[in-house]
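Below is one structure, written out as structure tokens; comments come after it.
The values are calculated or read from the model by the stated rules, or taken from the named source; none is laboratory data. This structure is a prediction, so every number in the text was calculated from the model and none was measured. So basically every Cβ, Gly included, is an ideal-geometry build from the backbone, and we count neighbours across all protein chains shown.
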Amino acid sequence: MENVSAVTSFIMTAYTELEDHRYLYFICFLLLYIMIIAANSVLITVIYIERGLHEPMYLFICNLAVNGVYGSTSLLPSMLVLLLSHHYEVSLTNCQLQIYCLHSYAIVEFTILAVMSYDRYVAICHPLHYHVLMSPKKVYAAIELSWVIPFIYNALLFIFTVRGTFCGRIIERTHCSNFSLFKLSCFDTTIQNIVGLASIFVSPCSQIVMILFSYAQILRICLFASKESQTKAIQTCTPHLLTVINYSLGCFFDVIQGRFNMSHVPYKARIFMSLYYLIIPPLFNPVIYGISIQAIRVQIFKLFGGKK
């Protein structure tokens, strides 16, 4: 067993499928990263400087944008470096750090979306008590917990990743993940796989249940509401629903292609599926909210077009 701890780096073989056009992919991913940073920065800046947007819904949107920057920064810079390299090698430490960042990004995203769904539920189903149930103190507490709890929860699961020893070096992905590392372990990983599956039911399934409950109550109220109230509810909930669906589809794609045999799917399509939830939501979330919510759209126009 002398070689049990010999593996200190991994080869990301997915990049061999991209090397024929590496510079084209490099430019594409660089532009995507710049667009993500720019779009989310504009949204964060507008909400931060405009006091009229310091309301629960907008503060949650701001945190969603911050998390989008965090998630894309955890992935894209390392991809850009690997695209220009010729060995596609990642150290064990960097691989583990990336796993922690990407997993915490995913949990924070679902947690913020769940809190946002509760905010919409209170606004539509209990409008007279909204300012009591969503007081500034409670909103800031919800925002803090949306970050603190996922990071602590992910740290507890991360213990299994840090303590692992690996005998294989080949990862057939563009980035590291817990499941891809467990497959390279020198020892039996049944316990880790069970814990990993169980953690899915704790998070994000608990957040998804909260989102479904909130919208079930909103739908119940809308069925007996006036036409004007139904229209207002649809306008209020549509951006959030689009965000939830978009992100959930991305996570579903990644889980499916990571845990099941997808050899019948073209390799580049699998790469796209694994990157979807890390690139598309951070890119389109600020666009969805910036275009569909008038209060934000007006402030963006003011920021770039002057007071007029």
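Here are the criteria: (1) within 30 Å of Tyr58 (Cβ to Cβ); (2) at pLDDT below 90. Tell me which single one Ala141 does not satisfy.
(2)
Just to be sure before I move on: is Tyr15 modelled with pLDDT under 95 and either surrounded by 14 or more Cβ atoms within 10 Å (Cβ to Cβ) or out of contact with any Ser or Thr (no Cβ under 7 Å at 6 or more places or on another chain) (or both) in the structure I sent?
In short, yes.
Within the range 195-227, how many residues turn out to be under 23 Å from the mean Cα position of the chain (by Cα) and not polar (S, T, N, Q)?
The number of residues fulfilling the criteria is 16.
Taking only the range 129-164 into account, find how many residues are among the polar types (S, T, N, Q) and loosely packed, with under 14 Cβ neighbours inside 10 Å.
1
So, of the residues in the range 249-285 that are among the aliphatic types (A, V, I, L, M) and modelled with pLDDT of 85 or more, which turns out to be surrounded by the most Cβ atoms within 10 Å (Cβ to Cβ)?
That would be Leu278.
Filter the range 244-254 down to the residues that are in contact with a helix residue (DSSP H, G or I) (Cβ under 8 Å, 6 or more places away or on another chain) and farther than 19 Å from Ala65 by Cβ and list them by number.
If the condition is that a residue be in contact with a helix residue (DSSP H, G or I) (Cβ under 8 Å, 6 or more places away or on another chain) and farther than 19 Å from Ala65 by Cβ, then Leu249, Phe253, Asp254 are the ones that fit.
Give the residue, chosen from Ser229, Ser199, Ser206, that is over 26 Å from Arg259 (Cα atoms) and either in contact (Cβ under 8 Å) with a residue 40 or more places away in the chain or in a helix (DSSP H, G or I) (or both).
Ser229
Across the range 30-51, what is the total count of residues that are surrounded by 14 or more Cβ atoms within 10 Å (Cβ to Cβ) and either without any contact (Cβ under 8 Å) to a residue 60 or more places away in the chain or farther than 19 Å from Leu76 by Cβ (or both)?
9
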